[in-house]
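Below: the structure, in structure tokens.
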Amino acid sequence: MSKPIYRPGQSAPASGQYEQVGPRGGRTGVERTVVKNEPLPPTPHAGMGYQLVDRTKTGGR
């Protein structure tokens, strides 16, 4: 099962690294760090989106 694609401006469902993906889901290698409930940043081209590739690790010391 593939990972969901989130659109720019949509609230991030979790904190972590989000990779920009093309209109058909192709990987770009460009990642952005986004905090949970913050809007995902704009992409350079229409139709692109984001996939969560690495959740932020949280926890105790």
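So here's what we get for this one:
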read-out	value
Listing of strands (runs of 3 or more DSSP E) fully contained in the chain that carry 2 or more residues being out of contact with any Phe, Trp or Tyr (no Cβ under 9 Å at 6 or more places or on another chain) and either of a type in the set (Ser, Thr, Tyr) or loosely packed, with under 11 Cβ neighbours inside 10 Å (or both)	27-34
Inter-residue pairs, beta-carbon under 8 Å, first more than 11 Å from GLY16 (Cα to Cα) and in the range 48-59, second in a loop (DSSP other than H, G, I, E, B) and among the hydroxyl-bearing types (Ser, Thr, Tyr), 6+ apart	GLY49/THR43; TYR50/THR43
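None of the figures in this text is laboratory data; all of them are computed from the coordinates on show. Given the structure is predicted, the values throughout are model-derived calculations rather than measurements. Backbone-built Cβ (ideal geometry, glycine too); neighbour counts: all protein chains shown.
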